[in-house]
Amino acid sequence: QVQLVESGGGLVQAGGSLRLSCAASGTISSINRMCWYRQAPGKQRELVAATTTGGSTNNADSVKGRFTISRDNAKNTVYLQMNSLKPEDTAVYYCEADGLLKGYWGQGTQVTVST
């Protein structure tokens, strides 16, 4: 089992920045990829960014150039640095870890961007 705890969400003005953190515990050795998803009201959950154990990353087109995913293996933590935030980035952000047989999800953290 893997447990994920997100933190760092909040209210920020458009153009501002936030950094989300996702701390993993449990059977971490089984994880091969960690991702950030988001879900806005009335919309489907979408992949925002992902990072593999090999260090490769990819971002959704909507956040390229603004969001950066990174990981600190010593702390078993994945981060999402979000810059130049827009009101359309408002959503609940979820951390997800791909294990050998299943995915694990955090509880989510709310990000609200005001105009």
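The values are calculated or read from the model by the stated rules, or taken from the named source; none is laboratory data. Please read all numbers here as calculations on a predicted model, not as lab measurements. Neighbour counts are summed over all protein chains in view; Cβ atoms, including those assigned to glycine, are modelled from backbone coordinates with ideal geometry. Ligands, DNA and RNA are excluded from the accessible area calculation, which covers all protein heavy atoms including side chains. Shrake-Rupley method; radii C 1.70, N 1.55, O 1.52, S 1.80 Å.
Phi-derived couplings, Karplus 6.51 cos²θ - 1.76 cosθ + 1.60 at θ = phi - 60°, listed residue by residue for the stretch 77-84: 10, 10, 10, 10, 8, 10, 10, 6 Hz, with x used for Gly and Pro. Rg over Rh of the chain, using C-alpha atoms and the Kirkwood radius, what does it come to? Result: Rg/Rh = 0.96.
Protein heavy-atom surface of the chain, 1.4 angstrom probe: 48% of the accessible area is carbon and sulfur, with nucleic acids and ligands not counted. Taking trypsin sites (Lys or Arg not before Pro) across the stretch 8-85, the ones in a DSSP loop with at most 15 further Cβ atoms lying within 10 angstrom of their Cβ are 43, 45, 64, 66, 75. All C-alpha to C-alpha distances of the stretch 66-106, sorted into 10 Å bins beginning at zero, yield P(r) values of 21, 47, 27, 5 percent in whole numbers. For residue 108, the shell of other residues with beta-carbons less than 13 Å away shows a net charge of 0, using +1 for Lys and Arg and -1 for Asp and Glu.
Counting only protein heavy atoms and a 1.4 Å probe, the stretch 50-97 has 47 square angstrom of accessible area per residue.
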